[in-house]
Each structure stands twice: as C-alpha cells, then as structure tokens.
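These notes are about the structure you will find just below.
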Amino acid sequence: MCGIVGAIAQRPVAAILLEGLRRLEYRGYDSAGIAVLDQVGKLNRLRTLGKVARLRDEVAAAPLSGTLGIAHTRWATHGEPAVRNAHPHICRDRCVLVHNGIIENHEELRREQKAAGHHFTSETDTEVVVHAVYDELTAGYPLIEAVRRATARMTGAFALGVIDTQDPEHLVAARQGSPLVIGVGFGEHFIASDVFALLPVTHRFIFLEEGDIAELTRDTVRIWSRDGELVKRPVKESAVAADSAERGEYRHFMLKEIFEQPRAIADTLEGRLAGNRVLPEGFGNTAPDLFAQVKAVTIVACGTSYHAGLVARFWLESLAGLPCTVEVASEYRYRRHVVPESALFVTISQSGETADTLAALRIAKESGYATTLAICNVPESSLVRESDLVLLTHAGPEIGVASTKAFTTQLIALLLLTTALGRYHGLSEAAEARMVALMRSVPSKMEQVLALDDRIATLAEQFVDKQHTLFLGRGEQYPIAMEGALKLKEISYIHAEAYPAGELKHGPLALIDENMPVVAVAPNNALLEKLKSNLEEVRARGGQLFVFADFAVPLTEESGVTVIRLPETDDLIDPLIFTIPMQLLAYHVAVLKGTDVDQPRNLAKSVTVE
Ligand code: F6R
C-alpha cells in the first residue's frame, strides 16, 4: 500500500525522504514522487512510474534542495499507475500533499470542486483533498486549521502529509484509518507510514491515534485529538535495529525471511513458557481469568493469516475442546453473525493494519464478544492497540510481500493459545508438557528442512513452464496446501489451487493430465491412507505427483511420482514443518521465472484499504 515520508529539518531533506521511500518499498507500489520546498519558497516536485531507484536517479540529475518536503510511493486504487496520478499532488503551487487511504466521497467532492473552478490533473481520489485544503488556506486559515476543516468533509480512510508553500515553518500530518508515525529528532521532525522508513534518522516515535491531526515544526510537535483537544501522545523508543530491514547476503528478502524462521519461532516462544507449561499471562495480565471463561473461539483474518487461523481450528477443537469458526475478514465484516456465548474473538495479522481485519475487530467489539485477542507482528499497530489481549509474534520485520516467517510464528502463537485455553478445558498437565516439548523442538526440525533448499531448487525446474498447479492436503495439512498454492501464485504468477484431497473426485480430477503438477502434503498421520488413495486417483490419470512426505511414509518414487522426504515429526507441529518446503518451492519457481520475488506485481504488503 502507499507509503508516506515527510521531513522538516535544518538540513537538506531530499536524501532522507528518498531513503525513507526505499525502506517503504516492501509495502508495494507502482509509482513514486517527492516534493521539496527550497530556500526561496519554490516547490520542486519529481514523480516517476516504477521503482524508487528511478526517482532517485531523477533527483540525482536534478537535485532538490530544501529542508521541508514530502514523498510518497503510490499503490494504485483510483486511476491507473501513471505519473499524473502519482503523489505529491499540488493545488495552484500553494498546497502540496501526500495521501494513503481512500476518500470514499471523492466523486461528490470532485463535482463540487469542478463547479467551483478547480482543474483536475489526475484521476485520483486524493486530488479532492489538496483542492479542499487549498480552499481553506485561501479563505485565510492557517495550515493546521485548513487541514482540519478540509478533512472534516472527507469520509473514508486517510493518512496525510501536507505543506503550504507560503508557510515553510510547518508540516501537518493527519491520521484516520491509515497508519502514520511521527519521528522525533533534534531540531527536526519526520512523518512516515511506519518506523522502518525513519530508522536511519531517529529511534524515537510518536504513534498517532485515530482522528489525530499533528502540526510539526523543526522544534515542536503539537497534536489534536479527534475531538479537537490538544493532547500529549507518548514518545516511544523503537527497539527495531536500523539494519533489520536489510537483505544482507541473501538474494531476496523472502529467502532471508524463510531462513530466519527457526530463530523467529524461538523468539516467539521466548518468555511464554515456564518449564513444561505455557504462561497464559503472556497474552496479558487478565488473560488467565478471561481464558477460564471462554466457551468458543471466532478467528478472523485475511490471506496467509487466515490460513494460520484455519490450522488453529483443528488444534482448538481437538486439543482444547472449544468450538471454533474461522472466516476471512472481508466477508465477516459485511454479514450479520450470531455471537456464541462467552466467545473469544481472535484476529491474526502480520501488519496489524489490514483494513478488513481491523474493521472486523471493531464490529466484534460492538457485538458482545467476551474479549478480543490480536496475534500480530507489529507492536505499535492499530490492531494491537485496539484489542483487549495481545500476543506478539516476534518474527522481526517482514519485508518480502509474500508472508513466510509471519505465518509460522502465527502458527506457534496459536499453539500457545490452544495450550493456554486447553488448560481450562480438560487438557491434562502431561498433554501440556508434551505440547511444550514439541513446540521447543520446532526450530531444530525447521533447520533440517531448510537443508533441503538445493533439492527443492532443482525440483522447481519442473514447474517453470507450467500454467496451473494443484495442491492437496487433508486435515490440518489442507490449510498448508492452501498456503503453498497462495505462495506459488502470488510470486510466480502460476495459477495454483488447493483442494482437500477427498474433494478431488467431486470435480477437480477432470483437470488432471501430464501438464498439471500436483503437489501433495503428506505427513505420516491418521489420514495418510486416505490421502494415498487420492494420490492413486491422480496417478491413474497421468498426473505428475510431487509428494512432500516424512521418512515414515511408505511411498516409493516411480514414474510420475517424485517424493521429497522431510524429517519425521509429530502431527501437532507438522503444519509448521511442512510449510517450509512449500515456501521454498514457490521461491525457487519465481526466481527461475525471473519475477520480482519481494514485490510481486499488483500486490501490497500492508493492505490498509478495503
Ligand atoms: C500472502 C500475504 C497476504 C497477507 C494478507 C493479510 O503472502 O502476505 O495474504 O497475509 O494481506 O495481511 P496481514 O497478515 O498483515 O493482516
């Protein structure tokens, strides 16, 4: 999604803004732009289609000097990716602005503004904001007031950075529904969509709340809440290291993040276990009391995080004995639901800013759930701040658009949750001790699977020229098959579908021929014999089978059947272990196809709009 960076300083800001944009690239974008106000009050703007590196080249060719500026990466929603639609947007050389989010009533405002004589240069929803602020400025209001008055007329979601070229002493920021942080420096202040953008210049941040409007000078920050009250928001020190968003020796962030999983799992378990037990307090001080009363669980999430929820449903129902429903947030938020008695509402999200998940949480809070819990990777995110209970996954920054370590840390967090809830619902001490021991074994098992990287890279060659792929799994491996299919389609652009293997003969078997590779996730579990019959159905029709199985699975390689052996594990942790070869397969196919692995086309990392 769009990324915003802004700076008001005593030193030139162009390089800071460009580096900020580079660090926001992972969010996904199709164009970029920068505007800097120079010493004589002239605004210089550059915008390009494509990568930030291109914008950087243009700035190198025509340097932008000045100590006040804003910059943006745009992910197209209204209006195609094109230079004219890229931000910053300017109104009559006076007002300049960057925006993340969607202005829902832009059509109505556009009609009014056109009638009033404004000339539109883009198809964006954003342009109505810049004209509206301009109108308030020319009516005599100072920038902060102009932004407040203009945004009061906007419905939808926005994070804004705004400059009045006649007022070089102020940068104004506003947040409603899209994330925005203020970076606090010495004699300089910054704004950005997330902390990573600003780590080279500061580690001190103010996290704006919903409805906040902020006025930044070089020396001060003043913030007004949604009710128009001057408020103090705490300055927080970020523990994220400046180089945590660097790729290091790896060719892609995605590969780095796949290999970081053993460490990320260990970090997520850290402090949450004591001896043979899970510490329910890890979810919040009130969690033990609340968990004791929970009689049902509802999980809502999107994409990969939704797949984590689907796995958790098996665990929660079979181990904690709790009825559990799992739903994608974009569906959940638009239907009427029956809230089960004493139910826990769980959201799962890497970013904590996914618009649909956040909206679902807000609805749940109004609908009578006993309590809400966020499983999330970003401590300062909206989801975390708005939930009663929180379990942070300690995956570290995930930059590759395709979620990898965020997924497996969500799974381990959900195992912690299952165990913590299970204790109040009949899970014995011995069973808990066994689960804890298995959780502790995950990092080393993962290391063994990562050693298969070369083998999977070779295997990937057999997928490169294919148009379609089928992924099969049963039980808790069906969501893992779904996740494998999602990874392959999003980064290699090969069409991939997942099916519960038992559904094959109800339709998809018609697709099977020698051009359709079929990937099966086959640990040695209670459903193995059933799965093997399903695989026979594929073989009998000339399908090319690629089976990921552990050593205990009695399967032999033969023509049309490739078996990739994984270490033996236990049913409980199989979903975490079998995910890794799916990630590696997708990664290597994408590399062979030459796609943009870390920033696949059309996708954004943090989906902050509907
Ligand atoms: C796929 C992927 C997406 C996200 C989804 C939800 O690799 O990353 O499907 O999982 O957009 O994002 P979060 O987890 O940030 O809510």
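Check whether at least one residue in the stretch 389-409 is in a loop (DSSP other than H, G, I, E, B) and aromatic (Phe, Trp, Tyr), and report yes or no.
There is no residue in the stretch 389-409 that is in a loop (DSSP other than H, G, I, E, B) and aromatic (Phe, Trp, Tyr).
Considering the stretch 170-188 alone, what residues qualify as being without any contact (Cβ under 8 Å) to a residue 60 or more places away in the chain and out of contact with any strand residue (DSSP E or B) (no Cβ under 7 Å at 6 or more places or on another chain)?
Phe186, the sole residue that qualifies.
Take Glu610 and decide whether it is in contact with a strand residue (DSSP E or B) (Cβ under 8 Å, 6 or more places away or on another chain), assigned to a loop (DSSP other than H, G, I, E, B) and within 16 Å of the ligand (Cβ to nearest atom).
So Glu610 passes the test.
What about Ala287, is it of a type outside the set (D, E, K, R), touching a residue at least 40 places away in the same chain (Cβ under 8 Å) and away from the ligand (no atom under 16 Å from the Cβ)?
yes
So how many residues does the stretch 65-95 have that are under 29 Å from Thr354 (Cβ atoms), of a type in the set (A, V, I, L, M) and surrounded by 23 or more Cβ atoms within 10 Å (Cβ to Cβ)?
3
Quick one: in the stretch 559-586, of everything that is touching a helix residue (DSSP H, G or I) at 6+ places or on another chain (Cβ under 8 Å) and assigned to a loop (DSSP other than H, G, I, E, B), which residue is farthest from Ser382 (Cα to Cα)?
Among them, the one singled out is Gly560.
Among (1) among the hydroxyl-bearing types (Ser, Thr, Tyr); (2) closer than 21 Å to Ile412 by Cβ; (3) touching a strand residue (DSSP E or B) at 6+ places or on another chain (Cβ under 7 Å), where does Thr371 come up short?
(2)
Being more than 16 Å from the ligand (Cβ to nearest atom), surrounded by fewer than 24 Cβ atoms within 10 Å (Cβ to Cβ) and over 23 Å from Val401 (Cβ atoms) is the requirement here; does Leu279 meet it?
yes
Condition (residue is surrounded by 24 or more Cβ atoms within 10 Å (Cβ to Cβ), more than 15 Å from the ligand (Cβ to nearest atom) and more than 18 Å from the chain's Cα centre (by Cα)) applied to the stretch 408-415: is it met by at least one residue?
Yes, the conditions are met somewhere in the stretch 408-415.
Which residue pairs have Cβ atoms under 8 Å apart, sit 6 or more places apart or on different chains, and have a first residue in the stretch 296-319 that is of a type in the set (D, E, K, R) and a second that is within 16 Å of the ligand (Cβ to nearest atom)?
Close Cβ pairs (under 8 Å, with a partner that is within 16 Å of the ligand (Cβ to nearest atom)) amount to Arg313/Ile299; Arg313/Val326.
Consider only pairs whose beta carbons are under 7 Å apart and that are at least six residues apart or on different chains; among these, list those whose first residue lies in the stretch 228-255 and is at positive phi and whose second residue is modelled with pLDDT of 95 or more and assigned to a helix (DSSP H, G or I).
Hits for this filter: Gly248/Lys256.
If I filter the stretch 151-164 for residues that are farther than 27 Å from Ser381 by Cα and modelled with pLDDT of 95 or more, do I get at least one hit?
There is at least one residue in the stretch 151-164 that is farther than 27 Å from Ser381 by Cα and modelled with pLDDT of 95 or more.
Looking at Ile299, Ile348, which one is near the ligand (Cβ under 10 Å from one of its atoms), under 22 Å from Thr579 (Cα atoms) and at pLDDT 95 or above?
Ile348
Scan (1) at pLDDT below 95; (2) of a type in the set (A, V, I, L, M); (3) more than 20 Å from Val184 (Cα to Cα); (4) surrounded by 21 or more Cβ atoms within 10 Å (Cβ to Cβ) for the single condition Ala62 breaks and write down its number.
Here Ala62 clears every test but (4).
Select, from Ala308, Ala343, the only residue that is surrounded by 19 or more Cβ atoms within 10 Å (Cβ to Cβ) and within 11 Å of the ligand (Cβ to nearest atom).
Ala308
Do any strands (runs of 3 or more DSSP E) lying entirely in the stretch 424-542 carry at least 1 residues that are within 16 Å of the ligand (Cβ to nearest atom), and which ones are they?
Here the list reads 468-473, 495-500.
If you go through the stretch 366-384 one residue at a time, how many are at pLDDT below 90 and farther than 17 Å from Cys302 by Cα?
2
What are the residues in the stretch 244-298 that are of a type in the set (A, V, I, L, M) and within 19 Å of the chain's Cα centre (by Cα), if any?
Scanning the stretch 244-298 gives Ala245, Met254, Leu255, Ile258, Ala264, Ile265.
Working only within the stretch 334-366, note down all residues that are among the hydroxyl-bearing types (Ser, Thr, Tyr) and either over 25 Å from Gly101 (Cβ atoms) or in contact with a Gly (Cβ under 6 Å, 6 or more places away or on another chain) (or both).
Passing the criteria: only Ser342.
Looking at Val589, is it crowded, with 17+ Cβ neighbours inside 10 Å, assigned to a helix (DSSP H, G or I) and of a type in the set (Val, Ile, Thr)?
yes
Collect the residues in the stretch 263-293 that are over 22 Å from Arg385 (Cβ atoms), at pLDDT 90 or above and of a type in the set (A, V, I, L, M, F, W, C), keeping them in residue-number order.
Once the filter is applied, which keeps residues that are over 22 Å from Arg385 (Cβ atoms), at pLDDT 90 or above and of a type in the set (A, V, I, L, M, F, W, C), the stretch 263-293 yields Ala264, Ile265, Ala266, Leu269, Val278, Ala292.
The values are calculated or read from the model by the stated rules, or taken from the named source; none is laboratory data. From a predicted model like this one, the values you see are computed outputs, not experimental measurements. Cβ: placed from backbone, ideal geometry, glycine included. Neighbour counts: every protein chain shown.
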